[in-house]
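Report on the structure given below.
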Amino acid sequence: MAILADGESLLLIDGELVAGGSGTFPTLNPATEETLGIAANASADDMGAAIGAARRAFDDTGWSTDVDLRVRCLRQLQDALTKHTEELRELTMAEVGAPRMLTSAAQLEGPIADLSFSADTAENYSWRTDLGVASPMGIKTRRTVAREAIGVVGAITPWNFPHQINLAKIGPALAAGNTVVLKPAPDTPWCAAVLGELVTEHTDIPPGVFNIVTSADHGVGALLSRDPRVDMVSFTGSTATGRAVMADGAPTIKKVFLELGGKSAFLVLDDADLAGACSMAAFTASMHAGQGCAITTRLLVPRARYDEAVGAAAATMGGLRPGDPTDPGTVCGPLISARQRDRVQGYLDSAIAEGGRFACGGGCPADRQSGFFIEPTVIAGLDNSATVSREEIFGPVLTVIAHDGDDDAVRIANDSPYGLSGTVFSPDLERADAVAARLRVGTVNINGGVWYSADMPFGGYKQSGIGREMGLAGFEEYLEIKSIATAVS
Ligand code: NAD
């Protein structure tokens, strides 16, 4: 079966692929601005039906207690995704604008492979731990700690790494025994809807266990946070929306798991290979047009070598022309939408208004007649108080900031409402490690190390989020803990 062969995607509700109550909405290719096709536009009633189905599947079936079934279903889903990898690659380049080179890693193949981690973890997990017999308050008691699924999980996801984020939620949530309603971003409905086709065609996932609700209306996603039948919302997106999810979930005391924005720093210490480090920072900031929450977008360099650092970053970034995502050499594709491109341009304008200058880039590329492209841009001449140093831009933009030694670099890096990630460059690993230990962030890369892998927890400090995705910690986010005390004689 070819995926999405009709040019129209459907909702998955209670095991059936169905049309949306609010008609359809188009999905675009951001590199060409052409319409790829249409997606089902869910109504509030559709969301209600999906939540109802997930609730019934959790309460009235054996899904939450049948580990073998869950493991089998996840492996079936992984096999189906693997079988359709090439079609999914084409879809990812077309709908997300993701460069081909990233689809062999975190954009597609990585998250498909990572489903094994969820299945393996469920298979080998200690669902009950015996703490032995003790006599608290003089009563002889056998103590057991049981781990159980939380219930109905609402998964709300963004467009920038849709497969990675959808699967990093669905995998552990289902493996842990929950039922799920997935609400993807309106910009990438097909990357989620394709899961509906694969689940119905290739897996034994029972009706209602996994539901997919695409919608052009953000308000349909908000229903997940408000509905008392939903036990947990697992959200990835902007910090502003994360606040709304928390507020909407408060009346029903929902568990909220939040992966939010970032403004991460790349710290080049004064003994580092300056040109090499700045070049890597520039390359990273251009990848997928900078549309990654953990991308390091503030380059902190020794003040005495500031101009040299700006030159090195601009030499790399200026050479990375934004291009066709299907071209194997493209690093920087388009932004996802005209709205996002205009937002990034607004930030670039603010940099000039606040006294900064462009060492390269600064606007839309003249050689691109269509598509939502922005030139990779290095901003110089500003400090950490500038708007572009404080706010998440989500475009291929790197701001170079001077520091006066390790303490100052740590101070600047931590002077942010966000705390998602960071990079430290120094040949002195003890020194780099000491700096890394002082960063208030959830992931640190030292000298180019890669923290992205199925068994490494990922998440943010401060306003970058609550909780961890991936790794054992990511699996346990989807579990409740029950302590059982049995009186014994
Ligand atoms: P967004 O916050 O606008 O939207 C994310 C999702 O939330 C979409 O599905 C959207 O429809 C939905 N939504 C919007 N308003 C809602 C509401 N009131 N209630 C419930 N759902 C609502 O984010 P985006 O523009 O799609 O994605 C970019 C953002 O995501 C960036 O800020 C980026 O840093 C962040 N992000 C974070 C991580 C991470 O792991 N920390 C990963 C990727 C992206």
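Every number in this text was worked out from the coordinates using simple rules, so none of it is lab data. Quick caveat, the model's predicted, so the values are computed rather than measured. Quick reminder, even Gly has a Cβ in these numbers, built from the backbone with ideal geometry, and neighbours come from all protein chains shown.
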*Looking only at residues in the stretch 346-394 that are within 16 Å of the ligand (Cβ to nearest atom) and part of a loop (DSSP other than H, G, I, E, B), which one is nearest to residue 318 (Cα to Cα)?*
374
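Matching residues to (1) more than 15 Å from the ligand (Cβ to nearest atom); (2) hydroxyl-bearing (Ser, Thr, Tyr); (3) in contact (Cβ under 8 Å) with a residue 40 or more places away in the chain; (4) more than 24 Å from residue 70 (Cα to Cα):
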site: 168; (1), (2), (3), (4): no, no, yes, no
site: 191; (1), (2), (3), (4): no, no, yes, no
site: 194; (1), (2), (3), (4): yes, no, yes, no
site: 213; (1), (2), (3), (4): no, no, yes, no
site: 218; (1), (2), (3), (4): no, no, no, yes
site: 225; (1), (2), (3), (4): no, yes, yes, yes
*For the stretch 1-53, what are the residues that are farther than 24 Å from residue 335 by Cβ, under 24 Å from the mean Cα position of the chain (by Cα) and in a loop (DSSP other than H, G, I, E, B)?*
3, 10, 42
*Of the numbered conditions (1) farther than 19 Å from residue 189 by Cα; (2) touching a strand residue (DSSP E or B) at 6+ places or on another chain (Cβ under 9 Å), residue 82 satisfies every one except a single condition; which is it?*
(2)
*Failed criterion for residue 324 (all others in (1) over 25 Å from residue 162 (Cα atoms); (2) away from the ligand (no atom under 16 Å from the Cβ) hold)*: (1)
*With (1) under 22 Å from residue 394 (Cα atoms); (2) without any contact (Cβ under 8 Å) to a residue 12 or more places away in the chain; (3) under 24 Å from the mean Cα position of the chain (by Cα) as the list, and residue 250 as the residue in question, which single condition is left unmet?*
(1)
*Going by the conditions given, is residue 92 surrounded by 15 or more Cβ atoms within 10 Å (Cβ to Cβ), hydroxyl-bearing (Ser, Thr, Tyr) and within 21 Å of residue 259 (Cα to Cα)?*
no
*Please give the number of the condition residue 40 fails out of (1) surrounded by fewer than 18 Cβ atoms within 10 Å (Cβ to Cβ); (2) within 15 Å of residue 195 (Cα to Cα); (3) not basic (Lys, Arg).*
(1)
_Among the residues in the stretch 93-101, are any touching a Gly at 6+ places or on another chain (Cβ under 6 Å), small (Gly, Ala, Ser) and on the phi < 0 side of the Ramachandran plot?_
no
*Taking residue 285 as meeting all but one of (1) near the ligand (Cβ under 9 Å from one of its atoms); (2) assigned to a helix (DSSP H, G or I), write down the number of the exception.*
(1)
